[in-house]
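Visitor: Dropping a structure here in structure tokens format, bear with me for questions.
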Amino acid sequence: MKRNNRKLLLYFDRVLSSNLWKQGLILFVFMLMAFGISYAMLSLSGSQWQVFCSANGLSKWTLPLYLLIDTNALNNLYIFNSESGVNINGWTLVISVLTYLVGVFLFSGMIISLITNSISRRVDDHHSGRIFYLLSNHYVIMGYDDMVPAIIADIFARNKNAYVLLLTAVNAEKIKEWLAKSVASKQMKRIIVNYGHRTMEECYPKIHLENAEEIFIVGRREIETHDAMNVENVDSICNYLQNLKSKKGNIRLPKRITCVFEDLDTYTAFKTTEIFSEVRELGIELVPYNFYTGWAKQVFVKGCHIDKRNPDSPIKYPPLLREDKDEERYVHLVFVGITNCSVPMAIEAAHVLHYHRYSDNSMRRTRITFIDRNAKEEMEQFVTRYHHFFSVQPPVYEDLSDSTVKSCNDDKSRSISESDESGFLDVEFRFIKGDIFSKRVQDRLCDYTLDPTQSLSLFLAMRNPKDNFEIGMNLPDTIYFCSIPIYIRQDRSDNFVTNLRYQDQKFCEEYCYIDAFGKLNVTKRHGRYANIYPFGMIDTGYSSDAKSLARARLVNYLYSNDMPSSSALCALSSENIIEEARQKWDKLTVALKWSNLYSAYSIRIKLDILRRMRGLSPDDDSHDTDPLSKDEIDVLAEVEHNRWNVEKLLMGYSKAKPEEDKYNHEEYADKLAANKKVYIHHDIRPYKKLGSVRKYDIGITANIPWLLEMTDSEL
């Protein structure tokens with residue numbers, strides 16, 4: 001019996017501490033009980049009270065209620081007792097007094113307490129994020145991470161009147177405090193923080209997930225199971241929307257789900273496989289996002305970083321290819337540290353950094369070098385991850401950790417072979433084992449700096465930001481005074497690095513030296529830190545790229561329509577083209593979407609090449625929409641195919657072996673061509689060995705001006 005009483009108490013306390021209507025129900029039950037007891041006791045006390053009811057026009061059922069709710073009821077009863085001549089007995093008066101006191105307790109006490117408690121509870125629920133307000137057209141962010149302020153800033157940059165709903169299991173008050181440090185107070189009014197577990201479908205109806213404009217699945221990147229939980233999150237959303245659609249038929253759905261992945265392998269898998277084909281069948285676009293590949297696009301493609309909170313002060317990054325008119329130079333990116341930052345950035349660089357060759361025998365145009373204490377082990381893992389690429393273009397390894405080990409020939413593998421089955425790619429990877437703080441490694445960096453054939457950029461991307469800053473401030477003078485761009489990874493604010501650069505760019509003094517012929521030379525020097533640039537900041541790093549997405553859709557439109565001519569395209573309605581491109585895009589596989597996206601990303605690099613070929617400065621866009629000449633098309637079409645070769649290999653395709661190559665076995669060409677479905681591609685080969693498929697590289701290149709004109713209005 002005692003156990004049952006305890007359970008009853010538990011149930012009562014849960015009801016009492018729950019929502020307002022249940023508390024009101026308890027008050028109503030107490031009222032009924034008080035009314036019933038009061039009526040019964042009055043009936044047992046005699047009939048005089050009924051005379052009072054008759055004299056005052058009251059029903060005998062209303063006197064108990066009258067005594068409970070009217071504070072003057074007891075006073076009126078005493079007056080009636082003294083003036084009417086009807087002697088109401090003592091028991092009736094006692095019961096009336098008790099009923100009155102119960103009424104005072106219920107109405108003057110419990111109701112006031114109930115109202116106060118309900119207000120207090122609502123305030124607490126609001127602060128803790130347990131009240132849900134937004135019904136439609138809002139942006140939903142699931143999970144909280146340091147990159148959330150950047151996502152919010154990007155949303156408001158696209159739609160200043162947006163409402164953002166942040167769903168998190170972390171204390172809502174803490175989230176608001178964190179956000180207030182980086183989000184303007186005006187925008188904070190348009191951000192709703194709701195408490196909920198993002199993988200539980202029970203939360204989704206409360207936040208009206210199906211009516212959201214866009215969904216961002218963020219999670220917390222420092223958790224080891226981050227990617228697995230985000231996959232579960234996507235699954236839960238998909239199941240919820242499918243069930244809702246089966247029940248209600250046609251419903252409004254979000255346009256896009258952006259899912260953050262920390263691990264590069266997970267991110268790559270979602271770029272090449274149809275793991276969430278159900279999402280696409282719902283008509284929703286699933287976009288995988290990796291923080292450092294996003295930064296790579298800002299550094300390598302856009303050439304600038306814009307903090308959406310302060311858009312008037314962008315960080316402009318220098319061109320990666322810096323060359324004189326009479327010099328052949330190749331792009332050389334040196335990453336210090338093989339980390340979760342440097343590897344994604346290097347892979348993105350390999351995807352987009354493709355440049356023209358000066359002659360058939362000229363050097364490769366892009367070299368990517370890693371320097372790390374554990375370079376040997378890291379290289380083996382890297383090669384395993386991208387074994388299709390390295391089966392065509394083997395890596396170069398060098399050990400600078402031991403002075404007794406002889407260095408390799410740095411000029412090795414510069415020429416592009418078009419006759420061999422391997423070595424024809426225009427990108428190569430190198431791995432150097434050594435400590436960046438050692439003299440031997442720093443001497444090698446100085447050699448790179450003084451090499452007239454290199455356009456060097458140095459990326460300090462070690463795991464510890466303190467190490468990046470320490471080495472960035474203490475490199476050899478040769479690197480600083482040869483104006484080599486030094487990119488320093490910063491987890492947080494860029495202010496210190498940016499302010500150092502601004503101050504040292506203002507500093508400009510004469511520098512004198514005597515050359516080998518005994519002649520005095522005078523030149524100008526900026527400060528040591530005039531070429532240091534921050535990157536990798538978490539709270540400002542996210543940036544959507546609507547323009548590249550629009551261009552990617554149009555690139556796919558060109559492919560799917562067999563490369564129509566510019567005149568044929570100009571004869572069509574722009575609105576119809578954009579709509580058809582959107583429809584074709586929605587039906588495309590994930591792998592092909594990314595292929596078109598990388599083609600779109602490369603347009604900015606091709607424009608840089610085109611401007612140089614025309615004798616223009618790299619930032620002169622005045623002739624970008626001019627038609628390309630045949631020579632310009634030939635050069636950039638080869639660049640496009642070189643980019644495509646690397647893209648396919650890095651995304652998991654393999655080069656066709658002789659027994660699989662349709663060009664070697666023309667009688668079985670149709671059958672062998674179908675091997676593309678199993679990620680074997682026969683067109684991974686030098687540009688000059690291509691057949692009729694060259695028309696695609698030529699068509700994309702010739703239509704660059706059209707692509708620019710069609711997407712000029714995009715953000």
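The values are calculated or read from the model by the stated rules, or taken from the named source; none is laboratory data. The model shown is predicted, which means the values in this text are computed figures rather than measured ones. Note that we place each Cβ from the backbone using ideal geometry, even for glycine, and neighbour counts take in every protein chain shown.
Visitor: Give me the residue from region 187-229 that is part of a loop (DSSP other than H, G, I, E, B) and of a type in the set (Asp, Glu) and, out of that set, surrounded by the most Cβ atoms within 10 Å (Cβ to Cβ). Don't jump to the end; show me each part of the working.
Guide: Narrowing region 187-229 to residues part of a loop (DSSP other than H, G, I, E, B): 189-190, 196-200, 204-208, 212-213, 218-225.
Adding the requirement that they be of a type in the set (Asp, Glu) leaves 213, 222, 224.
Details: 213: 18, 222: 9, 224: 9.
Within region 187-229, the match that is surrounded by the most Cβ atoms within 10 Å (Cβ to Cβ) is 213.
Visitor: Can you tell me which residue is surrounded by the most Cβ atoms within 10 Å (Cβ to Cβ) among those in region 649-663 that are in a loop (DSSP other than H, G, I, E, B) and either of a type in the set (S, T, N, Q) or in contact (Cβ under 8 Å) with a residue 60 or more places away in the chain (or both)?
Guide: Here the residue is 653.
Visitor: Taking only region 426-442 into account, find how many residues are free of Cβ contacts under 8 Å to residues at least 24 places away in the same chain and among the acidic types (Asp, Glu).
Guide: Residues meeting the conditions: 0.
Visitor: With modelled with pLDDT of 90 or more, in a strand (DSSP E or B) and buried (at least 20 other Cβ atoms within 10 Å of the Cβ) as the only criterion, which of 237, 257 stands out?
Guide: 257
Visitor: Can you report the number of residues in region 694-715 which are of a type in the set (Ser, Thr, Tyr) and part of a loop (DSSP other than H, G, I, E, B)?
Guide: Adding up the residues that qualify gives 2.
Visitor: Is it the case that residue 552 is under 23 Å from the mean Cα position of the chain (by Cα) and modelled with pLDDT under 90?
Guide: No; evaluated as a whole, the condition is false for this residue.
Visitor: Within region 610-643, take every residue that is outside any helix (DSSP H, G or I) and among the polar types (S, T, N, Q) and give me the one that is farthest from the chain's Cα centre (by Cα). Lay out the reasoning, then the answer.
Guide: Residues of region 610-643 that are outside any helix (DSSP H, G or I), as a first pass: 614-629.
Within this subset, residues satisfying the condition of being among the polar types (S, T, N, Q) are 617, 622, 625, 629.
On the way: 617: 33, 622: 33, 625: 32, 629: 39 Å.
Ranking the qualifying residues of region 610-643, first place goes to 629.
Visitor: Keeping to region 171-186, report how many residues are over 21 Å from the mean Cα position of the chain (by Cα), assigned to a helix (DSSP H, G or I) and more than 13 Å from residue 160 (Cα to Cα). Lay out the reasoning, then the answer.
Guide: Step one: list which residues in region 171-186 are over 21 Å from the mean Cα position of the chain (by Cα), which gives 171-174, 177, 185-186.
Then drop every residue that is not assigned to a helix (DSSP H, G or I), which leaves 172-174, 177, 185-186.
Subsequent filtering for residues that are more than 13 Å from residue 160 (Cα to Cα) retains 172-174, 177, 185.
Residues meeting the conditions: 5.
Visitor: Something else: Condition first: assigned to a helix (DSSP H, G or I), free of Cβ contacts under 8 Å to residues at least 60 places away in the same chain and farther than 10 Å from residue 213 by Cβ. Now tell me which residues in region 147-166 satisfy that.
Guide: Result: 152, single match.
Visitor: I'd like the residue in region 652-684 that is hydrophobic (A, V, I, L, M, F, W, C) and within 41 Å of the chain's Cα centre (by Cα) and, out of all such residues, is farthest from residue 271 (Cα to Cα). Break it down stepwise before answering.
Guide: Here is the first cut: in region 652-684, the residues hydrophobic (A, V, I, L, M, F, W, C) are 656, 669, 672-674, 678, 680, 684.
Retained after the next criterion (residues that are within 41 Å of the chain's Cα centre (by Cα)): 656, 672-674, 678, 680, 684.
Values: 656: 22, 672: 25, 673: 22, 674: 21, 678: 16, 680: 17, 684: 19 Å.
Checking each candidate, the answer is 672.
Visitor: Looking at 485, 476 in this structure, which one is surrounded by fewer than 18 Cβ atoms within 10 Å (Cβ to Cβ), on the phi < 0 side of the Ramachandran plot and at pLDDT 90 or above?
Guide: 476
Visitor: Any residue in region 506-520 that is under 16 Å from residue 304 (Cα atoms) and either of a type in the set (A, V, I, L, M) or touching a helix residue (DSSP H, G or I) at 6+ places or on another chain (Cβ under 8 Å) (or both)?
Guide: no
Visitor: Another one. Evaluate region 563-582: report whether one residue or more is closer than 30 Å to residue 295 by Cβ and of a type in the set (D, E, K, R). Spell out how you get there, then give the answer.
Guide: Of all residues in region 563-582, those closer than 30 Å to residue 295 by Cβ come to 578, 581-582.
Now narrow it down to the ones that are of a type in the set (D, E, K, R): 582.
Checked against the condition, which is being closer than 30 Å to residue 295 by Cβ and of a type in the set (D, E, K, R), region 563-582 yields at least one hit.
One line per residue, one yes/no per condition, for (1) in contact with a Leu (Cβ under 9 Å, 6 or more places away or on another chain); (2) of a type in the set (A, V, I, L, M, F, W, C); (3) surrounded by fewer than 19 Cβ atoms within 10 Å (Cβ to Cβ); (4) at pLDDT 90 or above:
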| position | (1), (2), (3), (4) |
| --- | --- |
| 291 | no, yes, no, yes |
| 299 | yes, yes, no, yes |
| 313 | no, no, yes, no |
| 323 | no, no, yes, no |
| 328 | no, no, yes, no |
| 334 | yes, yes, no, yes |
| 339 | no, no, no, yes |
| 346 | yes, yes, no, yes |
| 369 | yes, no, no, yes |
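Visitor: Working only within region 620-648, note down all residues that are of a type in the set (Gly, Ala, Ser) and free of Cβ contacts under 8 Å to residues at least 40 places away in the same chain.
Guide: We begin by selecting, within region 620-648, every residue of a type in the set (Gly, Ala, Ser); these are 622, 629, 637.
Result: 622, 629.
Visitor: Follow-up. Could you list all residues from region 262-287 that are part of a strand (DSSP E or B) and under 27 Å from residue 339 (Cα atoms)?
Guide: 286, 287
Visitor: Quick check on this structure: which one of 555, 590 is touching a strand residue (DSSP E or B) at 6+ places or on another chain (Cβ under 9 Å) and in contact (Cβ under 8 Å) with a residue 24 or more places away in the chain?
Guide: 590
Visitor: Still on this model: Go through the residues of region 141-157 one by one and say whether even a single one is modelled with pLDDT under 90 and farther than 30 Å from residue 494 by Cβ.
Guide: Within region 141-157, none of the residues are modelled with pLDDT under 90 and farther than 30 Å from residue 494 by Cβ.
Visitor: Is at least one residue of region 511-519 surrounded by 10 or more Cβ atoms within 10 Å (Cβ to Cβ) and outside any strand (DSSP E or B)?
Guide: Within region 511-519, none of the residues are surrounded by 10 or more Cβ atoms within 10 Å (Cβ to Cβ) and outside any strand (DSSP E or B).
Visitor: I would also like to ask the following. Using beta carbons and a limit of 8 Å, which pairs, at least six apart or on different chains, have the first residue in region 674-693 and outside any helix (DSSP H, G or I) and the second one β-branched (Val, Ile, Thr)?
Guide: That search, which allows pairs on different chains as well, returns 683/693; 684/392; 686/416.
Visitor: For region 240-254, name all the residues that are part of a helix (DSSP H, G or I) and over 26 Å from the mean Cα position of the chain (by Cα).
Guide: 243, 244, 245, 246, 247, 248
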